[in-house]
Structures are given as C-alpha cells and as structure tokens.
Amino acid sequence: MVGWVKLNTDGSFAENGTAGAGMVLRDDRGNVIYSACRELFSCREILEAELCACMEGLSFAIQRSDLPIIIEMDSIVEVKLIQAMDI
C-alpha cells in the first residue's frame, strides 16, 4: 500500500525450550528497510514467542519509519488477542 510500511513477524518455540523471533520491515515497493532475528531467552510457549516477535518488530518499525505500519503475522490466536485489546 503506497505510503505505508509492512512489518512481518514470526516467533518460534521448540520443545526443548529454545525460542526465537524474526522480523522484516519493507517499504511500499517491497524494499527491505530492516530485518532481524534473535534468540529469546525467557519464553515458555509459542504464543509468547509470537507476541515477543511482534512487540520487538513494532518497536524497530517505529524507530525506522514515520509511516503507518501494516503488521502481518501467522498466528491467528495472536491476531485475535491483539484485536480484542481495549486500547
């Protein structure tokens, strides 16, 4: 969408307790503005990893762009939790 940036986030969690987060911020032409991945040290489940990835990605997006942000994630549970928040 012209005049917007798009943030894709994803969290991962393995049964051995390791977790990670990934995020990519792109402009309206698809050019990468920022991308990162990192290990998460205090997650207890996949939903927590997904939410951590979203929060960290959004923080970076706000720092790197003044444009409105479209967020895309693959966890329907996470999307519903965020949509249900009373802001």
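The values are calculated or read from the model by the stated rules, or taken from the named source; none is laboratory data. What you see is a predicted model, and the numbers here were worked out from it, not measured in a lab. Methodologically, a virtual Cβ is constructed for each residue, glycine included, from the backbone with ideal geometry; neighbour enumeration extends over all protein chains shown.
State which residue pairs qualify: first residue over 11 Å from residue 19 (Cα atoms) and inside region 44-60, second residue at pLDDT 90 or above and hydroxyl-bearing (Ser, Thr, Tyr) in any location, beta carbons under 7 Å apart, and separation of 6 or more residues or different chains.
Taking only residues 6 or more apart or on different chains, the pairs are 54/9; 57/9; 60/34.
Is it true that residue 49 is surrounded by 11 or more Cβ atoms within 10 Å (Cβ to Cβ) and part of a strand (DSSP E or B)? Step through it out loud before you land on a result.
Numbers: surrounded by 11 or more Cβ atoms within 10 Å (Cβ to Cβ): yes; part of a strand (DSSP E or B): no.
So residue 49 fails the test.
Give 85, 55 a once-over and let me know the one that is within 10 Å of the chain's Cα centre (by Cα) and exposed (fewer than 15 other Cβ atoms within 10 Å of the Cβ). So that I can check it myself, show each step before the final result.
Details: 85 fails: within 10 Å of the chain's Cα centre (by Cα).
None of the other options fit; the residue is 55.
Within region 28-43, restricting attention to residues that are free of Cβ contacts under 8 Å to residues at least 12 places away in the same chain and of a type in the set (Gly, Ala, Ser), which residue is farthest from residue 4 (Cα to Cα)?
42
Given the conditions (1) in contact (Cβ under 8 Å) with a residue 60 or more places away in the chain; (2) in contact with a helix residue (DSSP H, G or I) (Cβ under 7 Å, 6 or more places away or on another chain), and given that residue 22 satisfies all but one, which numbered condition is not satisfied?
(1)
Mind telling me which of the residues 57, 17 ends up being on the phi > 0 side of the Ramachandran plot and of a type in the set (Gly, Ala, Ser)? If you could, list the steps in order and put the result at the bottom.
Numbers: 57 fails: on the phi > 0 side of the Ramachandran plot.
Matching residue, one of 57, 17: 17.
Of the residues in region 18-44, how many are of a type in the set (S, T, N, Q) and either under 15 Å from the mean Cα position of the chain (by Cα) or buried (at least 16 other Cβ atoms within 10 Å of the Cβ) (or both)?
Residues of region 18-44 that are of a type in the set (S, T, N, Q), as a first pass: 18, 31, 35, 42.
If we keep only those that are either under 15 Å from the mean Cα position of the chain (by Cα) or buried (at least 16 other Cβ atoms within 10 Å of the Cβ) (or both) too, we end up with 35.
Total meeting the criteria: 1.
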